[in-house]
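Presented below is the structure to which this report refers.
What follows is calculated from the coordinates using simple rules that are stated; it is not laboratory data. Since this is a predicted model, take the numbers as computed values, not measurements. Note: ideal-geometry Cβ built from the backbone for every residue, glycine included; neighbour counts use all protein chains shown.
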């Protein structure tokens, strides 16, 4: 092609006007004049007739893109054909062609679209516009949900803020949600945003009560947690009735709206059960493990630095699976059972005593060595034997029925003693009965109520000496008005049964 020279262009930055002319000087074709407006028209015509070549779409008279100029790769295969006023207007059989309904007819309303899917026309309403993905879009709203891409929530680039978009539930930040009135169906989980706590805060305007309610599917109230602003109490209820109260002094009341004293648990009930107390607090052991038991434990500080402290006492089952009730305390570092209540008895623990508050010294101070403690009670039997003061009897076959009762340090003995076979050879001087259940601490008298089948004389009385462990038998002297030691020579001897019978009774102190 020959060189073309453009001459006499205006020396200005303003665009050329439509009436401006270009003078094109060609050495071979001569000089030509070209109007600027004609040049624009020619170029525009080329672009309109070759959109696929030049990749340019122009606006129509309605200032909208002409669908015919938009490639199918961009329009997802949809092509606007025109408007339709009747079924007869739906004439296109090209898949993707659609009409906008101008006059209602059949199933179509004004504004609907009729899209040809390759075999028939389908209706697309304003509320169910096709949402497509990759050219295979859904034609219903439920199908379209699967093609929606949900962005991340937030205020950073490419994130969507939700403030004001959830009705009365407004998103504020990653740390909190403010709820006016909301219902949660199904499972709801609250995650911690820091390492120290997770919290759901309910704020009530105008100092009104705050409440969390739990309903059945039929709307009936099953339970609730209420903060009573006026009384400054937390109420927890079930089935619509208040059950537990917690006030600002950390007092807890069960069926009691005004528990006392401070830092306490008060249980109040109108229970008419005959098997439980009217006010019942039940502690249940649901374990099937040997050694476990239900109980109430008491804990206190050992020192100012010891916050938790050690257990100082407990009321619990005595042992696993028993009906016994036991009281445990800690004393001098030892934690042990001190008292047990069974179905038939009150049992003191080892080393324990009942303090009656009375003291022999009259000082008002109760110590284990004074007379104000009862630390023992027991009953039993003992076996007495006739023994000579000097030597040993050759034969002494005994038959006894002797019993004792010990209350603290006081011992009471009673019963009878007799012989079946007696040979006093080897024994001499006085006669005593040994085998006392406890050593006597103080001198005490022994009463003999019946003596039968003895020898020359029968025993009249007896005594137990200080630190004694036997009863010394006495008889009235034949020469003086006194009692003397009973000599073994006055015993009935031989092999006949039921001889040397005594019925006796005595009370003495043991150490």
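Here the label points at residue 17 and residue 374, each 7 Å from Cα along the C-beta direction, are separated by 13.4 nm in the simple model. Taking label points 7 Å from Cα along the Cα-to-Cβ direction, residue 44 and residue 213 give a separation of 6.9 nm. Its relative contact order, with pairs defined as Cα atoms under 8 Å and 6+ residues apart, puts segment 368-443 at 38 percent. When each of 382, 472 is scored by the number of other beta-carbon atoms lying within 10 Å, the sequence from fewest to most is 382, 472.
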